[in-house]
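I have placed the structure first, in the form of structure tokens, so that the comments after it can refer back to it.
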Amino acid sequence: MAGPLLGQSLSFGVKGGVPLTDAFATAGGGTTTYTSVTHRYTVGPEAEIGLPLAGLRVEADALYQRIGWDSVRPATPLEEPFQSTVRLGAWDFDALLKKRFGRAGVHPYVGAGAAFRRFFTTRENYVFPGPPADYLSKQMVDEMSRKNIAGLVFSAGIEFGGAVHVAPEFRYTRWLMNNIISRDPSLATEANQAEFLLSIGFGRR
């Protein structure tokens, strides 16, 4: 066992990029109007280990992004109007099996695996215009049913370099769960997530 283990390559690095889609899907028809808010960055650490089979590697990374939504509800005969903002700190933990191709120094690759998202920080702020005006801020988000969701993740990219390497990548995640309360038809987790990512890594390949 010692020989194969010593022959495996290990690298660490940083991965960052731009979310190409919104984190939440919004629709009209309800009394409350929602607008998805996605900060166009994601960043975090990554690690990768080579397997004894040629070209196969396992990648694990943790990517942070700031997401949420704004909402507005007009006055109705039974409800008072309000405006609210929800901001969420989301960590995506991805694990992928990757297959590399090509010659030394230039390696196209594809990958597939599992994705897990956890909301570690949540905040919802309400403004009730009144009169009299009132404000409310709380950590519990009324529309959220769970802080964890899971899905499938797929990637394709090209890696350049050796001990120091750079890899632009397109990543697609299909979320299999909705973390929004189902009674609200105007807001839901966006099932399809696309990102453009760039990783910089260091280590023996």
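The values are calculated or read from the model by the stated rules, or taken from the named source; none is laboratory data. This is a predicted model, so every value here is computed, not measured. Using ideal geometry, Cβ is built from the backbone for each residue, glycine included, and neighbour counts are taken over all protein chains shown.
Scanning region 19-30 for residues that are of a type outside the set (D, E) and surrounded by 14 or more Cβ atoms within 10 Å (Cβ to Cβ) yields P19, L20, T21, A23, F24, A25, T26, G30. Filtered by the rule that a residue be part of a loop (DSSP other than H, G, I, E, B), under 16 Å from L187 (Cα atoms) and of a type in the set (A, V, I, L, M, F, W, C), region 131-157 gives a lone residue, V141.
Set side by side, the residues P74, P81 differ, and just one is modelled with pLDDT under 95 and loosely packed, with under 13 Cβ neighbours inside 10 Å, which is P74.
If I go through region 116-152 residue by residue, how many of them are among the basic types (K, R) and at pLDDT below 95?
Matching residues across region 116-152 total 4.
Among the residues of region 93-115, just one is surrounded by 12 or more Cβ atoms within 10 Å (Cβ to Cβ) and modelled with pLDDT under 90, namely G102.
Selection of first residues in region 94-112 that are under 11 Å from E159 (Cβ atoms) and of second residues that are crowded, with 18+ Cβ neighbours inside 10 Å and among the acidic types (D, E), restricted to Cβ pairs under 6 Å at least 6 apart or on distinct chains, gives the following pairs, ordered by first then second residue: K98/E59; H107/E159. Here region 173-205 is the region considered, the condition is being of a type in the set (K, R) and touching a residue at least 60 places away in the same chain (Cβ under 8 Å), and the residue that is surrounded by the fewest Cβ atoms within 10 Å (Cβ to Cβ) is R204.
Condition test on K138, is it within 19 Å of the chain's Cα centre (by Cα), surrounded by fewer than 18 Cβ atoms within 10 Å (Cβ to Cβ) and of a type outside the set (A, V, I, L, M, F, W, C)? When the stated conditions are applied, K138 does not pass them.
Consider region 116-135. How many of its residues are within 15 Å of the chain's Cα centre (by Cα) and loosely packed, with under 13 Cβ neighbours inside 10 Å? So the answer is 2.
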